[in-house]
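Read the structure below first, then the notes.
The values are calculated or read from the model by the stated rules, or taken from the named source; none is laboratory data. Every value quoted in this text rests on a predicted model; they were computed, and no experiment measured them. In this analysis, Cβ positions are derived from the backbone assuming ideal geometry, glycine residues included, and neighbour counts consider all displayed protein chains. Calculation scope for accessible area: heavy atoms of the full protein, side chains included, ligands and nucleic acids excluded. Shrake-Rupley method; radii C 1.70, N 1.55, O 1.52, S 1.80 Å.
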Amino acid sequence: MTNRSVQRGCIAARTPGRAGPRHRTRVWRRPTAVGTSALILVLGAASLAGCGQDGTGRQPLNVFAASSLTEAFQDMEASFESAHPGTDVVLVFAGSQILRLQIEQGARADIFASADPRHAESLERAGLVGKRTVFASNELVVIVPSDNPAGIRSFADLPASERLVIGMEHVPAGAYTREALHRAAGDYGAAFEADVLGSVVSEESNVRLVRAKVELGVADAAVVYRTDATPGRVRTIPLPPGANVRARYEIGAVSSGANPEGAERWLDFVASPEGQEILTRRGFLPGSAPAP
């Protein structure tokens, strides 16, 4: 079991059998109101992501990454720190749009990895992120509870769902979902998009919260990335090729980052055969994969 302690606003995670804190991984929690959300995220970015050395003299490398990258980047963290023992990788996961807001407000980030190129492009235009590269891709699936009480067996069945959960419109997974529904009109009719959206009972701020609704049994179905469909915990239903959307993940170094050398090493590692193998093992497609 992982023991956690709070130090100067950081969540410090210790791994049994390894001396000292291995990493501080942060996942933003969903606030209850939109106004409160903006305030907490902006203030939290400046304080939490700015944590100093971990007590061993290692230099922090603050990696801001889309929620869907959680397991893959945690795997990379272990390998990267083993190869670079002087670096303490600090992973911060949230919706890409939230991380973009934090960086715009001055959060201390060294790396930004986005599930939607539009957020990375916006930061590059503002001079806040350097050259962007596509390092992975993903696609959408429908997930249902293992016992599938609503009997959803295909993408075409989504209008029959009484409790559908998707991402918010400005969240990458939510934007891709709406694009897929729009594309599906050619196969299922002009009313399909409106019928599906009429079944939505909750819109979440990141894709992990979308998945959680199905895992908890409070949703009949949800639309998530293929990498978020946890085997054994949910059933997966593919989208038809004509409707599916290829999500492109872009990464770049934050211009004001305090650890530019570490950022370049992380970018190189993500693009390396080892980094790409980790992404593939976690279900991601190559960044060069053709659109469905």
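A few points about this structure:
- Tallying residues that are part of a helix (DSSP H, G or I), of a type outside the set (A, V, I, L, M) and under 17 Å from GLU121 (Cα atoms) within region 58-105 yields 5.
- Within region 258-286, the set of residues being farther than 21 Å from PRO238 by Cβ and open to solvent by less than 20 Å² (accessible area, probe 1.4 Å) comprises ASN259, GLY262, ALA263, TRP266, VAL270, GLY275, ILE278.
- Residue in region 260-283 that is part of a strand (DSSP E or B) and either of a type in the set (Gly, Ala, Ser) or in contact with a helix residue (DSSP H, G or I) (Cβ under 8 Å, 6 or more places away or on another chain) (or both) present: no
- Among (1) within 25 Å of ASP75 (Cα to Cα); (2) of a type outside the set (A, V, I, L, M, F, W, C); (3) without any contact (Cβ under 8 Å) to a residue 60 or more places away in the chain; (4) in a strand (DSSP E or B) - the single one GLY252 does not satisfy: (3)
- Candidate set from region 113-127 (those that are in a loop (DSSP other than H, G, I, E, B) and out of contact with any helix residue (DSSP H, G or I) (no Cβ under 6 Å at 6 or more places or on another chain)); member that is farthest from ARG178 (Cα to Cα): GLY127
- The lone exception for ILE143 - which of (1) in contact with a Phe, Trp or Tyr (Cβ under 7 Å, 6 or more places away or on another chain); (2) part of a strand (DSSP E or B) it fails: (1)
- Criterion violated by SER255 - all others in (1) open to solvent by less than 70 Å² (accessible area, probe 1.4 Å); (2) at pLDDT 95 or above; (3) of a type in the set (Gly, Ala, Ser) satisfied: (1)
- Condition check for GLU277: in contact with a His (Cβ under 9 Å, 6 or more places away or on another chain) and over 27 Å from ARG108 (Cα atoms): no
- The residues on offer are GLY151, GLY242, GLY167, and the sole one that is farther than 26 Å from ALA66 by Cα and open to solvent by less than 70 Å² (accessible area, probe 1.4 Å) is GLY151.
- The condition of being within 30 Å of ALA219 (Cβ to Cβ), surrounded by 17 or more Cβ atoms within 10 Å (Cβ to Cβ), in contact (Cβ under 8 Å) with a residue 60 or more places away in the chain and touching a Ser or Thr at 6+ places or on another chain (Cβ under 7 Å) does not hold for SER137.
- Taking the criterion of being within 20 Å of PRO273 (Cα to Cα) and more than 8 Å from the chain's Cα centre (by Cα), the residues of region 64-76 that qualify are GLU71, ALA72, PHE73, GLN74, ASP75, MET76.
- Residue that is farthest from SER161 (Cα to Cα), among those in region 190-229 that are part of a loop (DSSP other than H, G, I, E, B) and open to solvent by 30 Å² or more (accessible area, probe 1.4 Å): ALA190
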